[in-house]
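Undergrad: Before I ask anything, let me first share the structure, which is written out below as structure tokens.
The values are calculated or read from the model by the stated rules, or taken from the named source; none is laboratory data. Please read these numbers as outputs of a predicted model, since none were measured by experiment. Heads up, the Cβs are rebuilt from the backbone with ideal geometry, glycines too, and the neighbour counts pull from every protein chain shown.
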Amino acid sequence: MISCKKGMILNIASTAAFQSGPLMAVYFASKAYVLSFSSAIAQELKGSGVSITCLCPGPTATGFQLSTFQREIRLNHGRKLPSAKEVAEYGYRAMLNGQVEAIHGRINRLMVLCVRFLPQWIVLKIVHFQQESV
């Protein structure tokens, strides 16, 4: 792609990438890695004609919620989650627009903003509470 001076890459992380995640620590850490990696590569590739977008959706209606791994947690309880198609289309548009970070949904964007300003100990308590089973 670099030699052709043209290309787009869409990586998928999660809003989980923006904080530590008690009860799902490895999942949250792996999403943080994808976001950090994507941001760094996007900076390295500036001006090359190749762009990187990292889609960071919040909870989305997929089979993930139905797996035995993902029990029903407070974060998702009673919420109408966006479809995978809605989230994918949002990410695709963000990639075409050259966005580096694409956070789907107003509430998710607000949550990410709040996490940046709250003390980590408060965020950890909130995330822990949200990740507990209902």
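Undergrad: Could you please tell me which pairs satisfy a Cβ distance under 8 Å, a separation of 6+ or placement on different chains, a first residue in region 107-118 that is more than 17 Å from L81 (Cα to Cα) and in a helix (DSSP H, G or I), and a second residue that is modelled with pLDDT under 90 and of a type in the set (A, V, I, L, M)?
TA: Short answer, once both residue conditions are applied: V115/V123.
Undergrad: Does any residue in region 48-59 that is over 11 Å from L10 (Cα atoms) come within less than 6 Å, Cβ to Cβ, of a residue that is surrounded by fewer than 21 Cβ atoms within 10 Å (Cβ to Cβ) and of a type in the set (S, T, N, Q) six or more places away or on a different chain, and which pairs are these?
TA: Short answer, once both residue conditions are applied: G58/N108; P59/N76.
Undergrad: Can you find a residue in region 90-104 that is touching a residue at least 12 places away in the same chain (Cβ under 8 Å), surrounded by 13 or more Cβ atoms within 10 Å (Cβ to Cβ), in a helix (DSSP H, G or I) and among the small types (G, A, S)?
TA: Yes, some residue in region 90-104 is touching a residue at least 12 places away in the same chain (Cβ under 8 Å), surrounded by 13 or more Cβ atoms within 10 Å (Cβ to Cβ), in a helix (DSSP H, G or I) and among the small types (G, A, S).
Undergrad: Consider only pairs whose beta carbons are under 6 Å apart and that are at least six residues apart or on different chains; among these, list those whose first residue lies in region 1-17 and is surrounded by fewer than 15 Cβ atoms within 10 Å (Cβ to Cβ) and whose second residue is of a type in the set (S, T, Y).
TA: I2/S48; M8/S51
Undergrad: While we're on this one: Could you tell me whether G49 is more than 11 Å from V100 (Cα to Cα) and at pLDDT below 95?
TA: It is false that G49 is more than 11 Å from V100 (Cα to Cα) and at pLDDT below 95.
Undergrad: I'd like the full set of residues that are farther than 14 Å from A17 by Cβ and either in contact with a strand residue (DSSP E or B) (Cβ under 6 Å, 6 or more places away or on another chain) or not aromatic (F, W, Y) (or both), limited to region 92-112.
TA: Of everything in region 92-112, those that are farther than 14 Å from A17 by Cβ and either in contact with a strand residue (DSSP E or B) (Cβ under 6 Å, 6 or more places away or on another chain) or not aromatic (F, W, Y) (or both) turn out to be R93, A94, M95, L96, N97, G98, Q99, G105, R106, I107, L110.
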